[in-house]
Amino acid sequence: MSWVADNSALIWEQLREHLYLALIPMLLGLLISLPLGYVATRYSWLANPLVALGGVLYSLPSIALFIVLPAVLGTGILSPINIIVALTIYAVSLLIRNVIDGLRSVPEEVLQAAVSVGYGTLRRVLTIDLPIAIPVIFTGLRVVTVANISMVSVGAIIGVGGLGELFTQGFQQDFLTPIIVGVVLSLALALVCDIALVGLQRLLTPWARAVAPVKEAIA
């Protein structure tokens, strides 16, 4: 415990860095996946190639990607941009399937009703398609967030890894405490972020909470 107290400032700094490096790619991945998913549902022949490409990109080893990206992007090897870009690629790779599945889950009769009452494409997507697709999209978003929190630690190999730097320090010094602290905080961070996403999903889909009591009453 004395080591934790003596290094509390460093631990909090690495925790904040870890959160930043995990969540920014998740948000960027979502922003990229939404229009790609919409295009894939509008032009159905694009869906399978996009999903297949996502699978190929996600299969790339994270360590190799972290090392190669500085040369491709022209950034320094210690730049956090390398981690953000790599994890954004992984986020899009995972999310694209969920966005496509979510938008495809909108019932055809709902789409036809929206068109018949004069909804334009953008208004329909924003007010009908996306709200209905939220549960499916958020399922992928939760997976991406937990995966990102895990993969950020790998970045410690190139010197930018948030809590992963605690693992490196512990192994180098043959000292278990930093490793335990890093593991516990990584797990806690993943749990907190997952709970926050569940709460956000419930906030964005209030009708889901209203439907449940009705179903129970009918049953």
Work out, in µm²/s and without decimals, the Stokes-Einstein translational diffusion coefficient of the chain at 4 °C, 1.567 mPa s, Rh from Kirkwood over C-alpha pairs. 67 µm²/s
Just to confirm a number: summing +1 for Lys and Arg and -1 for Asp and Glu over residues other than Gly161 whose beta-carbon lies under 15 angstrom from that of Gly161, what do you get? -2
Under a Cβ-Cβ cut-off of 12 Å, what is the net charge of the residues other than Val110 that fall near it, where Lys and Arg count +1 and Asp and Glu count -1? -2
Report, in order of residue number, the helices in the chain meeting two criteria: a C-alpha extent of 27 Å or more along the helix axis, and a mean Kyte-Doolittle hydropathy of at least 1.0; treat each whole DSSP H run as one helix. 80-104, 130-152, 176-204
Taking the Cα centre of the chain as origin and charging only Cβ (+1 Lys, Arg; -1 Asp, Glu), how large is the dipole, in debye to the nearest 20? 680 debye
Under the rule a/c < 1.5 gives rounded, and otherwise a/b versus b/c splits prolate from oblate, where does segment 1-66 land using the Cα gyration tensor? prolate
In whole angstrom, the spacing between the Cα centers of segment 63-90 and segment 128-193 equals 17 Å
Calculate for the chain the 222 nm mean residue ellipticity that helices alone would give, adding -39,500 (n - 2.57) per DSSP H run of length 4 or more and normalising by residue count, nearest 500 deg cm²/dmol. -27000 deg cm²/dmol
Over the residues of segment 1-111, compute the C-alpha Rg and express it relative to 2.2 N^0.38 Å. 1.39
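Each value in this text was obtained by applying a stated rule to the coordinates, not by laboratory testing. Keep in mind it's a predicted model, so treat the numbers as computed, not measured. Quick reminder, even Gly has a Cβ in these numbers, built from the backbone with ideal geometry, and neighbours come from all protein chains shown.
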